[in-house]
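All of the numbers you see were taken from the coordinates with simple rules; none came from a lab. Keep in mind that this is a model prediction, so the values were computed, not measured.
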Amino acid sequence: MGAYAQSHCTVNGAHCQGGDLVAFDNAGLTQHVVLTGLEVLAAPRNNTTAYDAVNGLNVILNGVAGQSYFPAMGCFTQNTAAWSSCVFSRDGAAVVAFAAGALGTSGTVGSQALQFNSFNGGTELFTSISATPTGSLTMAPASGQSVNAPLVKLTPGVFSTLPTCASGTEGTQAAVTNATTTLGAPRSPGAGRSTCWRTATGRTGPCPESDEPWLGARAVILTRCPGFPTM
């Protein structure tokens, strides 16, 4: 152990810090100054097979079982100054920039979520992205909001049958692999194409070629289901 520090709180209202490192300079400097609050260097000299682990920084919690405490790491500011980014992975520095683990260590559980906070008229809103236990990606907008994806091209999934019309499938992209699998009636026998459920203009039924929402051969976006409000 190169260094060890400990802080022990014994009364209510106490603030304990195991360590507090400060880097600061003088006002009026103009160039080539570098401030680093903390630098952790790991310098392995062998192939990866020699190690059980090589860790740059571990934040270990030894709390009361079942409790969810506060952030393990946080970026804060004492005034209106702001960090350009809270976490930054330099080019070529990592294989995976951010790896989110599962919610548990066994059984059937989804992934930990990546959460986004925002304010609307002073009200804080929460949006998240996570993976289901089976590996599907789930985007969960704030209540009553939508997922906006301008200029995004999705690679269609492949289904032997198309999903059942429901709010959960609205906006889903699917590939039709069976010419008899349609949303309504095929455009022509064997074409492998289907009618729209609802176009951006709110019209149901077969769509002209110019309106059909394809993103590739035999692919369709389930934009609106009959009975759902029009766009």
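Quick notes on this one:
- Contour excess over end-to-end distance, with Cα ends at Asn47 and Thr134 and 0.36 nm allotted per residue: 27.9 nm
- The slack between Asn117 and Leu38, meaning 0.36 nm per residue of separation minus the straight C-alpha distance, is 25.7 nm.
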